[in-house]
Amino acid sequence: MKEKMKRRLAQLVIGALFVGMIPTGNRTVSKANGTSISTGKAARAGYELNNPKTDSSGVVTWDCVYFGSYWQEDTNGDGTVDQEDEKQPIKWRVLSVDGDDAFLLADKNLGQKCYNNLEKDITWETCTLRSWLNGYGAEWNADGEDYRGSGFIDAAFTPAEKSAIYATNVENADNPVYGMEGGNATLDQVYLLSIDEVMNPAYGFPLDGNSTNTRKGKNDEWWWLRSPGYFGNTSAFVSTGGVVYRFGNIVHGDGIAVRPVLHLNLSSDSGWSKAGTVTSEGGEIVLPVETPGEFLGKLNNPVTDSDGNTTWDCVYFGNYWQEDTNGDGKADQEDKKQPIKWRVLSVEGDDVFLLADKNLDRQLYNKSGSGVTWETCTMRSWLNGYGAEANTGGENYSGRGFFNDAFTSEEKSFIKISNVVNEDNPVYSSEGGNDTSDRVYLLSIDEIMNPTFGFSLKKEMEAKRAGTTAYATRKGVETGGSPARYGRWWLRSPGNYSYFAGIVDTNGEVDQIGHSVVGDRVAVRPALHLDAASDSGWTYAGTVTSGGRKTETPQPTTTPVLSTPTASTMPEVSTLPTTKPTSTNSPDENTNQKPISSSVTPAATEPSATVTPNVKSPSAGTIQKDDKNNVLYKVITQDKTIGFYRAGNTAATNIVVPSTITLDGIKYNVTAIADHAFKGCKKLKSVTVGKNVTSIGKKAFYGCGKLKSIAIKSKKLKDKSVGAKAFKGIHKKAVIKVPPKQKKAYQKWLRKKGVAKTVKMK
């Protein structure tokens, strides 16, 4: 014990002598998706977040955001801050913004933790603190500590939030003064600053390591850096006064705090929000924490005045193609999706009944002109992502359709399953069919004529007409009226015959005779029940009136990027005669966690994404890593199928997408190659695509300029299952080998996916 105390004293004394000796310049941290985070680049305007600003007197101002939650204050009043208290939103300082990437540092120290649990020579790669921050298992640290499901990342973030944290290639440089080895680069979602980073002016820190307010933790504690100290059993830290102690402290010291950093995908649907600003002199502008629960009180049932004019509250929820965003003059699926605006038809507790403010798409009510009901029509299957067994046309919408295109898996889980009553036509008595259980559906004739939902009796046509998006118009929806583009839109009720369905005309008139179910110029205006108390990312959108006036809240800037969807399970039909939801907790499997992307070559010992402890069968959307081949996969269906998500080693020259793979004892069929799967693989020369692959995402091999040999063993690929520009930019003299019987068909669609005419097909 005396020897340890002597060593500690010596470290502090010598460390003080060397503080501030070595200035450092700007650095870049490479994100694992192959882009570079520029530490001095201006923020993208839409997010209104900026890089730190330093005035002429040296005062630094950081923008801040709320993201995640953690134990921070005594909320239960027992005088102790512990895990018996409620978690509070974590406030982060924005160290840099580059496009949709925000580099964040916790505003406060969030707890005390040893750099390593035992005293020994250690690096960031193998320390227990790294494992605790990222929820890694026992094999990833030198002490054999298992933090799966119990570390910081699992305590602080929901699955949706975790998926929005970039995996970052963390460089572990040697100590800049003493030369102590920093170890291998690592691939982490959460980590600590290095000596160089905490002395980088681009992040708001001065070049020297002397005492400064810029580096002080708000709760005046020492806080760890990931860089090594003077000895192998020490790590650098920042003192209460903001001094950078490069000599370091013994790694098992238990009085030093943790101040994490991470890279957040601002375009994710993770629920982050602006938190104001802080300054190095203690100045602070605090913005309230935005939560759906706070907005819930703003939502009211529709109000109709004495003149018959109705006002609806509105929300933004989900995203869909609507407008021409890329400026090519066409509103199509090459454009970015925009937030969907919904009218609030009713509010009951935390249940909000929503109707799309505009017509969103064009679809046939049924793919054939035969007699049909809502239960068996193809429209219902398309809206909900049901398989071929759910409709008389045998159309398979598993993994596609409106439900999969418009909502992330997190959003899907908060759309309630409703018992949908399918009544007979009120005038012609055409049979409505069996009741159904659906997440997304169409209004009925009775519902569209219900004043409770705001459909005024005095000005019924004004209340019922709907504008049409540019996307839906381009797809062929018949529009009319002035100045707005009003479109015909389907109701789920039958018309006067079984092969007719009710519609609302362009002028807002309800046509109970209806339109042929194969009518190809009628729009879709979906309805759903949302759990508005959920953390599903919905936001308040202002109001609209039946007369066309609106008070609009700006659209959210955090537009989610959707991953490859999976099938939506068709709920069992309920016999309850109600259109109110019966389930508030019937989520789909999580198919849309934003995967950890990697185009840098991490060390061979890099861990996979966070794993829930003792889970033998990861749910859909879970990221799994094949350590042997340094490849990230994403589970598609539990215990059955998985997709090749990212090549971790972008320097690889030969990569095989196997037919099957066994991960954590579970054997999967590899059925998909994700969008941008081989991004950054500029040295790739040959690829083999396994026989079970049924889909290849957009731009999967885009820009692989040295790729000369592709062997496609799968016989299951089709034009529609291969994304745009999947093979664009491969070597001009590449040779693609395909199954003989598929050669003609494959050759045709491969050309459409970017394969040059000079590429040979065998």
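Quick rundown of the values:
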{"read-out": "Qualifying positions in the range 698-752 - aromatic (Phe, Trp, Tyr) and either part of a helix (DSSP H, G or I) or free of Cβ contacts under 8 Å to residues at least 12 places away in the same chain (or both)", "value": "Tyr746, Trp749"}
{"read-out": "Any pair with Cβ under 9 angstrom, 6 or more apart, that starts in the range 439-457 at a residue that is free of Cβ contacts under 8 Å to residues at least 24 places away in the same chain and ends at one that is surrounded by fewer than 23 Cβ atoms within 10 Å (Cβ to Cβ)", "value": "Asn450/Leu345"}
{"read-out": "Filtered residues of the range 735-757 (kept if modelled with pLDDT under 90 and in contact with a Lys or Arg (Cβ under 6 Å, 6 or more places away or on another chain))", "value": "Gln742, Gly754, Ala756"}
{"read-out": "Test: Gly308 is under 28 Å from the mean Cα position of the chain (by Cα) and either part of a loop (DSSP other than H, G, I, E, B) or not assigned by TED's automatic domain parsing to the domain that holds Gly179 (or both)", "value": "no"}
{"read-out": "Any hit, the range 346-361, residues being surrounded by 23 or more Cβ atoms within 10 Å (Cβ to Cβ), modelled with pLDDT of 90 or more and more than 25 Å from Asn301 (Cβ to Cβ)", "value": "yes"}
{"read-out": "Residue match in the range 431-454 (condition: basic (Lys, Arg) and assigned to a loop (DSSP other than H, G, I, E, B))", "value": "yes"}
{"read-out": "Any helices (runs of 4 or more DSSP H) falling wholly within the range 65-181 and containing at least 1 residues that are over 30 Å from Asn233 (Cβ atoms) and under 24 Å from the mean Cα position of the chain (by Cα)", "value": "159-163"}
{"read-out": "Condition check for Thr637: polar (S, T, N, Q), out of contact with any Lys or Arg (no Cβ under 7 Å at 6 or more places or on another chain) and free of Cβ contacts under 8 Å to residues at least 40 places away in the same chain", "value": "no"}
{"read-out": "Any hit, the range 653-675, residues being under 19 Å from the mean Cα position of the chain (by Cα), at pLDDT 90 or above and farther than 23 Å from Gly729 by Cβ", "value": "no"}
{"read-out": "Leading residue by the ranking (farthest from the chain's Cα centre (by Cα)) among those in the range 327-345 that are under 19 Å from Asp361 (Cβ atoms) and either of a type in the set (Val, Ile, Thr) or surrounded by fewer than 20 Cβ atoms within 10 Å (Cβ to Cβ) (or both)", "value": "Lys330"}
{"read-out": "Gly111 closer than 19 Å to Ile256 by Cβ, modelled with pLDDT under 90 and not hydroxyl-bearing (Ser, Thr, Tyr)", "value": "yes"}
{"read-out": "Within the range 159-193, considering residues that are over 23 Å from Tyr70 (Cβ atoms) and among the polar types (S, T, N, Q), the one surrounded by the fewest Cβ atoms within 10 Å (Cβ to Cβ)", "value": "Asn184"}
{"read-out": "Test for Gly454: is it at pLDDT below 90 and either among the basic types (Lys, Arg) or over 22 Å from His515 (Cα atoms) (or both)", "value": "yes"}
{"read-out": "Single residue of Ser721, Ser709 found to be closer than 17 Å to Tyr645 by Cα and hydroxyl-bearing (Ser, Thr, Tyr)", "value": "Ser721"}
{"read-out": "Candidate set from the range 457-472 (those that are assigned to a helix (DSSP H, G or I) and modelled with pLDDT of 90 or more); member that is nearest to Val524 (Cα to Cα)", "value": "Ala472"}
{"read-out": "Filtered residues of the range 489-514 (kept if free of Cβ contacts under 8 Å to residues at least 60 places away in the same chain and on the phi < 0 side of the Ramachandran plot)", "value": "Leu491, Ile503, Val504, Asp505, Thr506, Asn507, Glu509, Asp511"}
{"read-out": "Qualifying positions in the range 642-673 - surrounded by 24 or more Cβ atoms within 10 Å (Cβ to Cβ) and assigned to a loop (DSSP other than H, G, I, E, B)", "value": "Gly648"}
{"read-out": "Unique match (being surrounded by 16 or more Cβ atoms within 10 Å (Cβ to Cβ), touching an Asp or Glu at 6+ places or on another chain (Cβ under 8 Å), hydrophobic (A, V, I, L, M, F, W, C) and within 22 Å of Ala164 (Cβ to Cβ)) among Ala677, Ala620", "value": "Ala620"}
{"read-out": "Boolean, Lys341 is in contact with a strand residue (DSSP E or B) (Cβ under 7 Å, 6 or more places away or on another chain), in contact (Cβ under 8 Å) with a residue 24 or more places away in the chain and not aliphatic (A, V, I, L, M)", "value": "yes"}
{"read-out": "Filter result for the condition that a residue is closer than 26 Å to Gly182 by Cα and in the same structural domain as Thr186 (by TED's automatic domain parsing), over Ala138, Ala155", "value": "Ala138"}
{"read-out": "Restricting the range 317-331 to residues that are modelled with pLDDT of 90 or more and not hydrophobic (A, V, I, L, M, F, W, C), the residue that is farthest from Phe453 (Cα to Cα)", "value": "Glu323"}
{"read-out": "Arg226 being over 31 Å from the mean Cα position of the chain (by Cα), outside any loop (DSSP other than H, G, I, E, B) and at pLDDT 90 or above", "value": "no"}
{"read-out": "Failed item in (1) farther than 26 Å from Ser413 by Cα; (2) modelled with pLDDT of 75 or more, with Pro602 passing the rest", "value": "(2)"}
{"read-out": "Flag if Thr325 is polar (S, T, N, Q) and either in a strand (DSSP E or B) or assigned by TED's automatic domain parsing to the domain that holds Ile165 (or both)", "value": "no"}
{"read-out": "Search result, residues across the range 626-657 that are under 15 Å from Ile673 (Cβ atoms) and acidic (Asp, Glu)", "value": "Asp626"}
{"read-out": "Filtered residue count, the range 448-478, keeping only those that are more than 21 Å from Asp307 (Cβ to Cβ), in contact with a Leu (Cβ under 9 Å, 6 or more places away or on another chain) and polar (S, T, N, Q)", "value": "2"}
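The values are calculated or read from the model by the stated rules, or taken from the named source; none is laboratory data. The shown structure was predicted, so the numbers you read here are calculated from the model rather than taken from an experiment. Using ideal geometry, Cβ is built from the backbone for each residue, glycine included, and neighbour counts are taken over all protein chains shown.
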